[in-house]
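Novice: A single structure is presented below for examination.
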Amino acid sequence: MADGIVLFAKNSGQTSFSSLYTIKHGLNTKKVGHTGTLDSFADGLLVVCVGSATHLVKYITELDKEYEAIIEFGSETDTLEPNGKIIKKTNLPKYVDFINALKKWTGENEQFPPSFSAIHVDGKRLSDLAREGKSVEIPSRKINVYNSKVLDCRTDSFEKCNNDSDSVKFAHVLFTVSKGTYIRSLARDIAKDCFSCAHLVALRRNRVGNFELKNSLGYETLPEFSINEYFGQSKVSAQDLESREKLLEEKVKNFVFELDEQTSILCGFNILKLKSENTRDFQNGKKLKNSMFETNPDDKRFNAVFCQGKFYGLVSYENKFLSYCFVRSSN
């Protein structure tokens, strides 16, 4: 069975779950877990852990992410994405107001996630509660938009926005954000602060931590991401998606990042070298001591433990105290 990380390029119209199906079949394993879903309408990078690497899922989920989004102003849907029901219409925002709102939402803020999301409240998904017509209080969460950059802006006549007074119909924006940030909610809140409303019509995830979309399986099959391309492209049929997945199943073995030091660095982990005479104690869960290691642990990052190039597990180091996160099976 394969152990490692697979970078997969999900297509729009495909669920994150079906992407796991492709990888499971290609690697002939059931032990697969993703580090964060993408909505069905979105495309881009899925970081998928396979075999014993599934223990890393919750740690990779913590990483920052980069997205490209195409926002349509003047209408808001209940799901904040293109397949939802329009629930609000407003005038288009002025370009200067849009830019000011974008600046306001760059940095640390409180965000209310969308009502249609996978977040659980009282044991139920918000999306399930929303479909049942139930209204619940959604708690806000702290987010950080590290960077936002406008790549393109168009008026309702599809002309490029050149003046502060131009009305913005579509905006193509690059966002770098902290974990747990919903770009759909970000589009809603930016629109509200420029006296309009909005929803996403397209979304692409380019990066998770140090893992990049351009290095993923199936990247070459994704269309160009731009306002022009979005309105010019035809929908991918279910048959085309099925053919694509069959081809990718045959290639997936060549896209497994093994659990080595280089992959651990990509995950953002510190490399901690275990002394060879202490490998058995480590695998048996004996109390951790600094003297067991050749190098020093890092208290700001998780520490990936290696001995002679072999990955043994993950530990944390806090208040000068080492503790196990998980130990890789010796089998």
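The values are calculated or read from the model by the stated rules, or taken from the named source; none is laboratory data. Predicted model only: the values in this text are computed from it and were never measured. Note that each Cβ is placed from the backbone with ideal geometry, even for glycine, and that neighbours are counted across all protein chains shown. These accessible areas exclude ligands, DNA and RNA; they are computed on the full protein's heavy atoms, side chains included. Shrake-Rupley method; radii C 1.70, N 1.55, O 1.52, S 1.80 Å.
Novice: Might you check whether a residue that is over 28 Å from residue 32 (Cα atoms), open to solvent by 40 Å² or more (accessible area, probe 1.4 Å), among the acidic types (Asp, Glu) and modelled with pLDDT of 95 or more occurs anywhere in the range 81-99?
Specialist: Yes, because at least one residue in the range 81-99 is over 28 Å from residue 32 (Cα atoms), open to solvent by 40 Å² or more (accessible area, probe 1.4 Å), among the acidic types (Asp, Glu) and modelled with pLDDT of 95 or more.
Novice: For residues that are closer than 30 Å to residue 3 by Cβ and charged (D, E, K, R), scanning just the range 46-80, find the one that is most open to solvent (accessible area, probe 1.4 Å).
Specialist: We begin by selecting, within the range 46-80, every residue closer than 30 Å to residue 3 by Cβ; these are 46-67.
Applying the additional criterion that residues be charged (D, E, K, R) yields 58, 62, 64-66.
On the way: 58: 131, 62: 96, 64: 48, 65: 17, 66: 43 Å².
Among them, the one singled out is 58.
Novice: What strands (runs of 3 or more DSSP E) lie completely within the range 287-331 and have 2 or more residues being open to solvent by 30 Å² or more (accessible area, probe 1.4 Å) and touching a residue at least 12 places away in the same chain (Cβ under 8 Å)?
Specialist: Passing ranges, in order: 310-318, 321-327.
Novice: Sticking with this structure for a sec: Please go through the range 262-286 and pick out each residue that is open to solvent by less than 50 Å² (accessible area, probe 1.4 Å), closer than 30 Å to residue 212 by Cα and among the hydrophobic types (A, V, I, L, M, F, W, C).
Specialist: Pass one, the range 262-286, residues open to solvent by less than 50 Å² (accessible area, probe 1.4 Å): 263-264, 266-272, 274, 278-279, 282, 285.
Pick out the ones that are also closer than 30 Å to residue 212 by Cα and you get 263-264, 266-272, 274.
Passing the criteria: 266, 267, 269, 271, 272, 274.
Novice: If I go through the range 215-245 residue by residue, how many of them are exposed (fewer than 12 other Cβ atoms within 10 Å of the Cβ) and modelled with pLDDT of 80 or more?
Specialist: Number satisfying all stated conditions: 2.
Novice: Out of the range 149-184, which residues are buried (at least 19 other Cβ atoms within 10 Å of the Cβ) and within 20 Å of the chain's Cα centre (by Cα)?
Specialist: 172, 173, 175, 177, 181, 182, 183, 184
Novice: Something else now. Please note which helices (runs of 4 or more DSSP H) are completely contained in the range 164-272 and include at least 3 residues that are charged (D, E, K, R) and closer than 30 Å to residue 297 by Cβ.
Specialist: Numbers: elements: 183-193, 227-232, 238-251, 261-266.
Qualifying helices (runs of 4 or more DSSP H): none found.
Novice: Hey, among 201, 252, which residue is in contact with a strand residue (DSSP E or B) (Cβ under 7 Å, 6 or more places away or on another chain) and either modelled with pLDDT of 95 or more or on the phi > 0 side of the Ramachandran plot (or both)? Even if it seems obvious, please write down each step before you answer.
Specialist: Working: 252 fails: either modelled with pLDDT of 95 or more or on the phi > 0 side of the Ramachandran plot (or both).
Answer to the selection: 201.
Novice: Same structure, new question: In the list 19, 12, 52, 40, which residue meets the criterion of being among the polar types (S, T, N, Q), in a helix (DSSP H, G or I) and over 16 Å from residue 267 (Cβ atoms)? First the steps, then the outcome.
Specialist: On the way: 12 fails: in a helix (DSSP H, G or I); 52 fails: over 16 Å from residue 267 (Cβ atoms); 40 fails: in a helix (DSSP H, G or I).
Within the list 19, 12, 52, 40, the selection yields 19.
Novice: Within the range 119-134, is there a residue that is modelled with pLDDT of 95 or more, open to solvent by 20 Å² or more (accessible area, probe 1.4 Å) and among the hydrophobic types (A, V, I, L, M, F, W, C)? Show your work before the answer.
Specialist: Keep residues of the range 119-134 that are modelled with pLDDT of 95 or more, which gives none.
No, the range 119-134 has no match at all.
Novice: Please specify each residue of the range 155-180 satisfying the condition of being hydroxyl-bearing (Ser, Thr, Tyr) and closer than 28 Å to residue 142 by Cα.
Specialist: Matches in the range 155-180: 176, 178.
Novice: Collect the residues in the range 5-55 that are closer than 30 Å to residue 329 by Cβ, of a type in the set (Val, Ile, Thr) and either without any contact (Cβ under 8 Å) to a residue 60 or more places away in the chain or touching a Gly at 6+ places or on another chain (Cβ under 7 Å) (or both), keeping them in residue-number order.
Specialist: Scanning the range 5-55 gives 29, 32, 48, 50, 54.
Novice: While we're here: Report every pair of residues separated by at least 6 positions or lying on different chains whose Cβ atoms are under 6 Å apart, first residue within the range 170-182 and farther than 10 Å from residue 148 by Cβ, second open to solvent by 20 Å² or more (accessible area, probe 1.4 Å) and of a type in the set (A, V, I, L, M, F, W, C).
Specialist: From residues that are farther than 10 Å from residue 148 by Cβ, the pairs are 172/151.
Novice: I've got another one for you. Just to check your reading of the model, which residue among 179, 169, 103 is at pLDDT below 95 and either more than 20 Å from residue 42 (Cα to Cα) or of a type in the set (D, E, K, R) (or both)? Steps first, please.
Specialist: Numbers: 169 fails: at pLDDT below 95; 103 fails: at pLDDT below 95.
After applying the criteria, what remains is 179.
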